[in-house]
1. Scan around B:ALA31 for amide H atoms under 5 Å from its own, H built in the peptide plane at 1.01 Å from N, and keep only partners 5 or more places away or cross-chain.
2. So, counting K/R as plus one and D/E as minus one, what does the shell of residues with Cβ under 13 Å around A:ASP106 add up to?
3. Rounded to the nearest whole Å², what accessible area per residue is found for chain A with the 1.4 Å probe?
4. Which distance in Å, rounded to a whole number, links the C-alpha centroids of the stretch A:50-110 and the stretch B:1-75?
5. Taking the Cα-to-Cβ direction at B:LEU55 and at A:LYS28 and moving 7 Å from each Cα, how far apart do the two end points lie in nm?
6. 7 Å along Cα→Cβ for the label point: how many nanometres lie between B:TRP69 and each equivalent label in the other copies, listed shortest first?
7. Treating only the Cβ atoms of Lys and Arg (+1) and Asp and Glu (-1) as charged, compute the dipole magnitude of the stretch A:2-109 about its Cα centre; round to the nearest 20 debye.
8. What do you get for Rg/Rh over chain B if you use C-alpha atoms and the Kirkwood form of Rh?
There are 2 protein chains.
Amino acid sequence: MNKKNIENIKSQMRRGVLEYCILCVLDKNDAYASELIGKLKDARIIVVEGTLYPLLTRQKNQGLLTYRWEESTQGPPRKYYTLTDKGRDLLHEMDKAWTEIVETLDILRK
Amino acid sequence: MNKKNIENIKSQMRRGVLEYCILCVLDKNDAYASELIGKLKDARIIVVEGTLYPLLTRQKNQGLLTYRWEESTQGPPRKYYTLTDKGRDLLHEMDKAWTEIVETLDILRK
DNA sequence: TTTAGTACCTTGCGGTGCAAGGTATCAAAT
DNA sequence: ATTTGATACCTTGCACCGCAAGGTACTAAA
């Protein structure tokens, strides 16, 4: 009951920064969807496929990302996503927004 | 166009911590809804009435808050919200969750 | 008795995460 | 040859929730 509450809160917080996290990860290296899910899971940002795929499509349609197909040595071809210049610009805006929120909460909590 | 994007991102990030902010503010002092809106606006967490009222009701129904009516010297009576023990417990859990997310993003950004 | 200020609350819409289910490719085992 | 398992992509339907807009009610001053 209470545990459910806490999980709900955590996921709500994570949601707010999900798009930010994706751009962060892609800023370092191109990646394909399944790979991204793994990396975000490692970073304790839980994401499921049904969330990530529509999100990537949205970001692509906003011109933040592009993709290319690449053959894999094992398994079906992979769709590698890359940050565009526009995506990088937005990432920097997100950095600012994030910093601002962290500062705000520091004040609220002090 | 782009400005709208950024605003959208910020509000999405804020949403994730809205409940947390409310409990933070109430942890220091009891407050009534209009007052809360003012305090959160000062903290650059924009909230509108249509968001706050249902949220307070939700938190009250979850047993995180209680309220009492108080007469006002000018205007209608005010509904002062107070954190319950359960609310305070959850606030501490939120502190942990928030710290964890901040750490996670530090890692993702490094 | 009208206007202005303060305070409470509800309704309808749109956006979005998630669970579940579906499709396709490749390679190894039967 | 065909079944199985691993990998990878994607869609659908539900439910939740923030927000804009609109509504009610009390008080005091014009």
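The values are calculated or read from the model by the stated rules, or taken from the named source; none is laboratory data. It should be emphasised that the depicted structure is a prediction, and the values quoted were computed from it without experimental measurement. Cβ atoms come from the backbone with ideal geometry, glycine included; neighbour counts cover every protein chain shown. The protein model used for the area step is the full one, side chains on, heavy atoms only, and it has no ligands, DNA or RNA in it. Shrake-Rupley method; radii C 1.70, N 1.55, O 1.52, S 1.80 Å.
1. Correct list: B:TYR81.
2. 0
3. 56 Å²
4. 28 Å
5. Distance between the two pseudo-spin positions: 3.2 nm.
6. 6.8
7. Dipole about the Cα centre, nearest 20: 460 debye.
8. Rounded to two decimals, Rg/Rh equals 1.03.
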